[in-house]
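Notes for the one structure printed next.
The values are calculated or read from the model by the stated rules, or taken from the named source; none is laboratory data. This is a predicted model, so every value here is computed, not measured. Every residue, glycine as well, gets a Cβ built from its backbone with ideal geometry; the counts of neighbours run over all protein chains shown. What goes into the accessible areas is simple: the full protein's heavy atoms, side chains included, and nothing from ligands, DNA or RNA. Shrake-Rupley method; radii C 1.70, N 1.55, O 1.52, S 1.80 Å.
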Amino acid sequence: LDDAKQIAQDLKQNLEKINHHGKRAGEIVKGMLQHSRTSTGQKELTDINALADEYLRLAYHGLRAKDKTFNAAMKTDYDENIGLLKIIPQDIGRVILNLLTNAFYAVNEKKKMNIAGYEPVVSVTTKKLADRIEVRVKDNGNGIPEKVLDKIFQPFFTTKPTGQGTGLGLSLSYDIVKAHGGEIKVETLQNQGTTFIIHLPQNKN
């Protein structure tokens with residue numbers, strides 16, 4: 001009977017591992033399909049401020065749904081002079097959502113370290129520059145190690161623990177922004193946080 005119980009327990013653990021890795025494989029395949037597909041979305045005149053705000057709430061509440069203990073302060077500073085921008089809203093929305101999800105993940109990981117006085121903060125700012133629009137997503141997490149900075153936009157590279165990231169989010173974001181004629185950059189300080197900066201052309205045609 002003891003042997004049977006042990007075998008049943010081993011079987012249960014094996015099935016849990018199969019389920020876990022199966023789900024991860026599914027996420028990778030889904031990410032690869034998103035990577036390879038040509039966007040069928042049409043460029044539309046879009047309020048980038050409203051789009052960023054919508055995805056900020058979506059990212060936050062999505063993580064809260066998974067983990068009720070998760071909490072972070074959200075700060076916004078939207079430039080009202082931007083007006084409407086001609087973009088594919090679903091695609092740029094996906095980029096903003098990915099950056100925000102990563103930012104919330106980063107501050108949550110730092111929060112788990114129980115650093116005295118630490119309060120997780122994620123901020124989104126938009127700004128109209130001379131010839132382009134800037135969107136910044138900033139967190140006060142632990143920052144990205146300098147040795148991997150040049151790899152973060154490569155497909156399948158992830159700084160998350162095994163099984164928690166496909167390594168396709170930033171790569172896909174890079175491709176989407178580039179397809180819009182823009183660029184995406186990162187600034188990071190060890191133990192202080194990371195800022196992702198998206199520049200999009202101001203053209204409306």
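In table form, for the structure just shown:
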{"quantity": "Selected residue (only one of 86, 110, 68, 75 is buried (at least 18 other Cβ atoms within 10 Å of the Cβ) and of a type in the set (Lys, Arg))", "calculated": "110"}
{"quantity": "Test set (1) over 22 Å from residue 189 (Cβ atoms); (2) aliphatic (A, V, I, L, M); (3) more than 15 Å from the chain's Cα centre (by Cα); (4) open to solvent by 30 Å² or more (accessible area, probe 1.4 Å) - residue 63 fails condition number", "calculated": "(3)"}
{"quantity": "Candidate set: region 135-163, residues that are polar (S, T, N, Q) and open to solvent by less than 60 Å² (accessible area, probe 1.4 Å); chosen: the one modelled with the highest pLDDT", "calculated": "140"}
{"quantity": "Residue count for region 105-134, restricted to those that are over 14 Å from the mean Cα position of the chain (by Cα) and of a type in the set (A, V, I, L, M, F, W, C)", "calculated": "7"}
{"quantity": "Selection count where residues are part of a strand (DSSP E or B) and farther than 12 Å from residue 192 by Cα, scope region 123-147", "calculated": "12"}
{"quantity": "Every residue from region 94-109 that is under 11 Å from residue 59 (Cα atoms) and not aliphatic (A, V, I, L, M)", "calculated": "94, 98, 101, 102, 104, 105"}
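Residue-by-condition table, conditions (1) over 21 Å from residue 153 (Cβ atoms); (2) in a helix (DSSP H, G or I); (3) free of Cβ contacts under 8 Å to residues at least 24 places away in the same chain; (4) out of contact with any Gly (no Cβ under 8 Å at 6 or more places or on another chain):
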{"site": "52", "(1), (2), (3), (4)": "no, yes, no, yes"}
{"site": "60", "(1), (2), (3), (4)": "yes, yes, no, yes"}
{"site": "71", "(1), (2), (3), (4)": "yes, no, no, yes"}
{"site": "75", "(1), (2), (3), (4)": "yes, no, no, yes"}
{"site": "80", "(1), (2), (3), (4)": "yes, no, no, yes"}
{"site": "90", "(1), (2), (3), (4)": "no, yes, no, no"}
{"site": "94", "(1), (2), (3), (4)": "no, yes, no, yes"}
{"site": "98", "(1), (2), (3), (4)": "no, yes, no, no"}
{"site": "118", "(1), (2), (3), (4)": "yes, no, yes, yes"}
